[in-house]
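Below you'll find the structure, written out as structure tokens, and then a few comments.
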Amino acid sequence: MSGTETLERTAPQKAGGAQKAEHFDVLVVGAGISGIGAAYHLKTQCPGKSFAVLEKKETFGGTWVQHTYPGIRSDSDLFTFGYRFKPWTGAPIASAEEIRTYMEEVIEENDLGGAIRYGHEILSAKWSSEENLWTVEARKVETGEPQRFTTNFLWMCQGYYRHEKGYTPDWPDMDKFKGKIVHPQHWPEDLDYEGKRVVVIGSGATAATLVPAIADKTAHVTMLQRSPTYFIPGRNANELADELRKLDVDEAWIHEITRRKILFDQQEFARRAWEEPEEVKEELLAGVKEFLGPDFDIKKHFTPSYRPWRQRVAFVPDGDIFQGIASGKASVVTDEIERFTEKGILLKSGEELEADIIVTATGFDLCVMGDIKFEVDGKPLDFADTVTYRGMMFTGVPNLLWVFGYFRASWTLRVDLMGDFVARLLKHMDQKGAKKVTVALRPEDKDMEILPWIDPEDFNPGYLMRSMHLLPKRGTKRDWQHTQDYWKEKDELPQIDLDDAAFVYE
Ligand SMILES: Cc1cc2nc3c(=O)[nH]c(=O)nc-3n(C[C@H](O)[C@H](O)[C@H](O)COP(=O)(O)OP(=O)(O)OC[C@H]3O[C@@H](n4cnc5c(N)ncnc54)[C@H](O)[C@@H]3O)c2cc1C
């Protein structure tokens, strides 16, 4: 059956008669960079499987359509944030629009459009071991009309944070502030910041992008941070790719060679950050000093207390945020918020920052599995009660895989690895005549210590720390954790023995 053909099934309905359900061999949840990658891999690697992508928004892009704040761009390079199968031909750091254009080309070139159902919000997914099927209840966003689907396999590409609502801490007296409070996840199209005093709370990649992007138009923009972040300033160009292009090398080769070089360099950086954190820290700080000069208080404003790589290190093209600070259009304040006032923000130091607009670039609200209500054989499923197999499957949850990307490498690298894995797993099931696969702890895993999803010593961004209790658990063995180590996983995942006792087939 082709990717867009469907079977109609009549599935039982809770109240009242029977509602028609459309059936697909595989249902992909979400049309962000993960979901479009999943569709590509299904189409190219599993041509016999029917599939559909259900997406709540009216368009593809996920993160790259949700965020529309000025300057919105990637913080990792597009040679690796792009898929392995489609060469990236632009500058390494790309705008949201460029990323969307790239995704649009993937959809068009591979004729994936017909498989994507936009405006479909998935509300629940119930597994029946009797039928070996997931029944998925969705709702057409525009009309509220209920839609029912059945599928053999759920491929979760819903991302990791709630798009509807960004995370804003509850500071005292926020309601007293007379100006506007904006979260960058919901940037108002008509927000007029020309000639205004803007305070951006936060110092992550979003703040670092936003501050230089609006600095010229504002009266002044202040980045207010509780604690500093590491940045890597550099030219938004890849010398190797440019050199290969001069030699007229084929773009597919340039893509592959540049990816390998970037990944090689990143692996080295991660190793050094772990083994010689002080040296790496000094190098990163030296990069900042070059822009801000010897008199700037780098220690206070740009020297994090944690060692490099415990949180994402954002690449800053052309050091633009530092240029903004050096020019006087932007400034950085490192302090804590006491409370909001009518005029702005009162800091713990006693200083008051006056503002017309306050932007809360304070991060995400983690959301596990797209806020979908899951049931397995009539029992509500809490993913926090499961243990993950390699960060992609979960004990007691049949026929389901989640794409949770890498932090220290581009998210999308994992999309391609998961694509190969799902294709291999589905083929293996067909060969065995199996309708159901569930991962389960093996006898030798029974005494393994069960721990939270990720080790905070290893990686500890706020959105994960706030919501770790909602995420599946990990074990102490590599098989039972999301190792976040692309460099090992690229070799390990294709070697997974699908007949290992961790995979239970029925
Ligand atoms: C501003 C910003 C910059 C970033 N930059 C980088 C970067 O440079 N490099 C990097 O590696 N990572 C980056 N990230 C992380 C980024 O989110 C991921 O890399 C990647 O874009 C996630 O893609 P995704 O498709 O998995 O999820 P998302 O982009 O979150 O897309 C998920 C899709 O699923 C849909 N969905 C969710 N729940 C449901 C439901 N119940 N029913 C139907 N549809 C649903 C959503 O509407 C959405 O379209 C960035 C994140 C942000 C916010």
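The values are calculated or read from the model by the stated rules, or taken from the named source; none is laboratory data. These numbers come from a predicted model, not from an experiment. Quick reminder, even Gly has a Cβ in these numbers, built from the backbone with ideal geometry, and neighbours come from all protein chains shown. Surface areas here come from the heavy atoms of the whole protein model, side chains and all, with no ligands, DNA or RNA. Shrake-Rupley method; radii C 1.70, N 1.55, O 1.52, S 1.80 Å.
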Calc'd 3J(HN,Hα), the range 133-145, phi into Karplus 6.51 cos²θ - 1.76 cosθ + 1.60 (θ = phi - 60°), Hz, glycine/Pro = x, comes to 9, 8, 10, 10, 9, 10, 9, 6, 4, 5, 10, x, 4
For the range 119-233, the percent of accessible surface on carbon and sulfur atoms (probe 1.4 angstrom, ligands and nucleic acids excluded) is 46 percent
Please work out whether the range 67-193 counts as rounded, prolate or oblate from its C-alpha gyration tensor, where a ≥ b ≥ c are the square roots of the eigenvalues and a/c under 1.5 means rounded, while otherwise a/b larger than b/c means prolate and anything else oblate?
-> oblate
Listed by chain and number, the lysines with an alpha carbon less than 22 angstrom from that of Lys488, same-chain partners under 8 positions apart left out, are Lys261, Lys473, Lys477
Share of antiparallel DSSP beta bridges in the chain, in percent to the nearest 5?
-> 45 percent
Efficiency by 1/(1 + (r/R0)^6): what FRET value for Asp385 and Lys300, r their Cβ-Cβ distance, R0 = 56 Å, to the nearest 0.05?
-> 0.80
What are the semi-axes of the equivalent ellipsoid for the chain, taken as the square roots of 5 times the Cα gyration tensor eigenvalues, largest first, in whole Å?
-> 40, 26, 23
For Asp242 and Lys176, calculate 0.36 nm times their separation in residues minus their Cα-Cα distance, and state this gained length in nm to one decimal.
-> 18.5 nm
Do you know the relative contact order of the range 311-398, to the nearest whole percent, from alpha carbon pairs under 8 angstrom that are 6+ apart?
-> 10 percent
Within the accessible area of the range 397-501, what % is carbon and sulfur when the probe is 1.4 Å and the other protein chains stay in place?
-> 51 percent
Lysine pair number, Cα distance threshold 30 Å (strictly under), the range 77-204, separation 8 or more or different chains | 10
At 1.4 Å probe size, with every protein chain present, just tell me what the per residue accessible area of the range 272-352 comes to in Å².
-> 52 Å²
For Val359, residues with placed amide H under 5 Å, excluding near neighbours | Val182, Val199, Val200, Ile201
In whole Hz, with x marking every Gly and Pro, tabulate ³J(HN,Hα) for the range 115-130 from phi via Karplus 6.51 cos²θ - 1.76 cosθ + 1.60, θ = phi - 60°.
-> 8, 9, 9, 7, x, 10, 9, 8, 9, 8, 9, 10, 8, 10, 6, 5
Report the chymotrypsin sites (Phe, Trp or Tyr not before Pro) located in the range 22-115 that are in a DSSP loop and have at most 16 other Cβ atoms inside 10 Å of their Cβ, or state none.
-> Phe85
Once amide H atoms are placed 1.01 Å from N in the peptide plane, what residues at a sequence separation of 5 or more from Ala21, or on another chain, have their amide H within under 5 Å of its amide H?
-> Arg9, Thr10, Ala11
Rounded to the nearest 500, what is the 222 nm mean residue ellipticity of the chain from helices alone, with -39500 (n - 2.57) per DSSP H run of 4+ residues and division by all residues?
-> -9000 deg cm²/dmol
J(HN,Hα) series, the range 455-463, from Karplus relation 6.51 cos²θ - 1.76 cosθ + 1.60, nearest Hz, glycine and proline x = 7, x, 5, 8, 7, 9, x, x, 5
The chain: relative contact order in percent, alpha carbon pairs under 8 Å with at least 6 residues between | 18 percent
Within the chain: Cβ-based charge dipole about Cα centre, in debye rounded to nearest 20 (Lys, Arg +1; Asp, Glu -1) | 820 debye
Per residue, how much accessible area does the range 158-230 have with a 1.4 Å probe, in Å²?
-> 46 Å²
